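Have a look at this one before I ask anything.
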Amino acid sequence: MKAVLIPGDGIGPEISASVESITKAMNLDIEWVKYRAGAEYAKETGEVWEPGLVDAIEEYKWALKGPTATPIGTGFRSVNVALRQKFSTYANVRPLRNFKGIDSKYENIDLVIIRENTEDLYKGIEYMLTEDIANGVKLITREASTRICRYAFEYARTNNRKKVTAIHKANIMKYTDGLFLDCYREVAKDYPEIETQEVIIDNMCMQLVQRPETFDVLVAPNLYGDIVSDLCAGLVGGLGIAPSGNIGDDYRIYEAVHGSAPDIAGKGIANPSSLILAFAMMLEALNKQKEAQSLREALAAVVEEGKFTTPDIGGQATTKEFTDAIIDKL
Ligand code: NAD
């Protein structure tokens, strides 16, 4: 099969090369079709992505994406947000767990964050009311809220998870978050075997820091989901080991959750784990469970041994040495 690979900016091409080597080493029937996108491409061409990218995702349905840089406060639109909206990948799924060998303040974390991906404040409806007043619209719809809550409960049922916690601020935002919560409660009725829980976002942040092991699946509107996702990545030892999938009914775009890491780009020391684990999520969704499992186990073993890991997780190896060690295990 063919799938789209977007290496992206900064360390993106370096970590994408790891996935390409692994694909080859595992003899997987996946041909990567590469397209450029992001700030570096935009600087050269004035366009956000290479012509043909959208058609290719439309045709092949599956994509893997490295980080793309988004300048703050300019007209340049985020490639991530544009792709998520274009392909209606309404669920951002981010599993997070501890890895032996990576320092973290907590043990036994096994969380999955399911974040609504298409609306809320990230819809991008904002304008200057006057020269001194900016206004942004928090758009929440019944359709998108029901769809994401159903996805979360279905995920819990399929993956034998016990609890789905809704994150909200409906005490203050009675209409928008109130609607999200209504949809959550409505959908929950169809899943009586799954425990429900509603937690206000600020309290959620505190509880995640105090007792993260008590949570299972979390479902949230876009903005809270984004913030809590990074908070949870911090709980398990950083963004370098957190993968994510942007899932729609027809298209799936898997990605590394960290950014383009401009401070280490070009040095050959980026940690490729996030993109590799995103690739493992993709393999699982392609019904290649055995391959996904082997890849995760190989990565976990190399991380645990610690001989060939990158500097961000305490090692001294290069991206290539880390990748080769994973391939050796495979
Ligand atoms: P960042 O994630 O790029 O970097 C934060 C810190 O983590 C840096 O010190 C970096 O060196 C380190 N780091 C990140 N990934 C690493 C890896 N794989 N291996 C080793 N170290 C790693 O965040 P930032 O600096 O806030 O953002 C830089 C750019 O990335 C911005 O333009 C931002 O818009 C973009 N960004 C893109 C995405 C995405 O495409 N999904 C996500 C977040 C940020």
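The values are calculated or read from the model by the stated rules, or taken from the named source; none is laboratory data. Please read all numbers here as calculations on a predicted model, not as lab measurements. In this analysis, Cβ positions are derived from the backbone assuming ideal geometry, glycine residues included, and neighbour counts consider all displayed protein chains.
Tell me, yes or no, whether the range 70-91 has at least one residue that is in contact with an Asp or Glu (Cβ under 6 Å, 6 or more places away or on another chain), surrounded by 16 or more Cβ atoms within 10 Å (Cβ to Cβ), hydroxyl-bearing (Ser, Thr, Tyr) and closer than 25 Å to Arg296 by Cα. Please lay out each step first, then the result.
Residues of the range 70-91 in contact with an Asp or Glu (Cβ under 6 Å, 6 or more places away or on another chain): none.
No, the conditions are met nowhere in the range 70-91.
To continue, here is another question. Could you tell me whether Lys329 is away from the ligand (no atom under 11 Å from the Cβ) and charged (D, E, K, R)?
yes
Here is a further query. Give the residue, chosen from Gly259, Gly234, that is within 12 Å of the ligand (Cβ to nearest atom) and either within 20 Å of Ala220 (Cα to Cα) or part of a helix (DSSP H, G or I) (or both). Write out each step before concluding.
On the way: Gly259 fails: either within 20 Å of Ala220 (Cα to Cα) or part of a helix (DSSP H, G or I) (or both).
Testing whether each residue is within 12 Å of the ligand (Cβ to nearest atom) and either within 20 Å of Ala220 (Cα to Cα) or part of a helix (DSSP H, G or I) (or both) leaves just Gly234.
What number of residues within the range 193-231 satisfy the criterion of being part of a helix (DSSP H, G or I), over 14 Å from Lys163 (Cβ atoms) and touching a Ser or Thr at 6+ places or on another chain (Cβ under 8 Å)?
Selection size over the range 193-231: 2.
Which of the numbered conditions does Glu40 fail, given that it passes all the others? Conditions: (1) crowded, with 18+ Cβ neighbours inside 10 Å; (2) in a helix (DSSP H, G or I); (3) away from the ligand (no atom under 12 Å from the Cβ).
(3)
Same structure, new question: What is the one condition in (1) of a type in the set (Ser, Thr, Tyr); (2) farther than 24 Å from Arg147 by Cα; (3) within 15 Å of the ligand (Cβ to nearest atom); (4) free of Cβ contacts under 8 Å to residues at least 24 places away in the same chain that Thr68 does not satisfy?
Tallying (1) of a type in the set (Ser, Thr, Tyr); (2) farther than 24 Å from Arg147 by Cα; (3) within 15 Å of the ligand (Cβ to nearest atom); (4) free of Cβ contacts under 8 Å to residues at least 24 places away in the same chain, Thr68 fails exactly one: (4).
Checking Thr309 against (1) more than 10 Å from the ligand (Cβ to nearest atom); (2) in a helix (DSSP H, G or I); (3) of a type outside the set (A, V, I, L, M, F, W, C), which single condition isn't satisfied?
It is condition (2) that Thr309 fails.
Please go through the range 237-253 and pick out each residue that is among the charged types (D, E, K, R) and either assigned to a loop (DSSP other than H, G, I, E, B) or within 10 Å of the ligand (Cβ to nearest atom) (or both). Before you say what the answer is, go through the steps one by one.
Just the residues of the range 237-253 that are among the charged types (D, E, K, R), to begin with: 249-250, 252.
Result: Asp249, Asp250.
Asp190 - would you say it is farther than 14 Å from Pro221 by Cβ, out of contact with any strand residue (DSSP E or B) (no Cβ under 7 Å at 6 or more places or on another chain), part of a loop (DSSP other than H, G, I, E, B) and at pLDDT 95 or above? Explain how you work it out, then say what you get.
On the way: farther than 14 Å from Pro221 by Cβ: yes; out of contact with any strand residue (DSSP E or B) (no Cβ under 7 Å at 6 or more places or on another chain): yes; part of a loop (DSSP other than H, G, I, E, B): yes; at pLDDT 95 or above: yes.
So Asp190 passes the test.
Restricting attention to the range 21-55, which residues are touching a Lys or Arg at 6+ places or on another chain (Cβ under 6 Å) and without any contact (Cβ under 8 Å) to a residue 24 or more places away in the chain?
Narrowing the range 21-55 to residues touching a Lys or Arg at 6+ places or on another chain (Cβ under 6 Å): 31, 33, 50.
Hit for the range 21-55 is Glu50, nothing else.
For the range 101-165, give me every one of the strands (runs of 3 or more DSSP E) that falls completely inside it and has 3 or more residues that are in contact with a Leu (Cβ under 8 Å, 6 or more places away or on another chain) and modelled with pLDDT of 95 or more.
Values: elements: 110-116, 126-130, 133-136.
Qualifying strands (runs of 3 or more DSSP E): 110-116.
Yes or no, residue by residue, for (1) out of contact with any Leu (no Cβ under 7 Å at 6 or more places or on another chain); (2) surrounded by fewer than 19 Cβ atoms within 10 Å (Cβ to Cβ); (3) assigned to a helix (DSSP H, G or I):
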site	(1), (2), (3)
Ala280	no, no, yes
Glu284	yes, yes, yes
Glu297	yes, yes, yes
Glu321	yes, yes, yes
Ala325	yes, no, yes
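Right, here's the next one. Just to be sure before I move on: is Arg97 within 25 Å of Arg115 (Cα to Cα) and more than 15 Å from the ligand (Cβ to nearest atom) in the structure I sent? Step through it out loud before you land on a result.
Values: within 25 Å of Arg115 (Cα to Cα): yes; more than 15 Å from the ligand (Cβ to nearest atom): yes.
Criteria met by Arg97.
Take the range 119-175 and flag every residue that is surrounded by fewer than 10 Cβ atoms within 10 Å (Cβ to Cβ) and among the aliphatic types (A, V, I, L, M).
Those that are surrounded by fewer than 10 Cβ atoms within 10 Å (Cβ to Cβ) and among the aliphatic types (A, V, I, L, M): Met128, Leu129, Ile133.
Looking at the range 1-36, which of its residues are within 11 Å of the ligand (Cβ to nearest atom), assigned to a helix (DSSP H, G or I) and in contact with a helix residue (DSSP H, G or I) (Cβ under 7 Å, 6 or more places away or on another chain)?
Answer for the range 1-36, where residues must be within 11 Å of the ligand (Cβ to nearest atom), assigned to a helix (DSSP H, G or I) and in contact with a helix residue (DSSP H, G or I) (Cβ under 7 Å, 6 or more places away or on another chain): Glu14, Ile15, Ser18.
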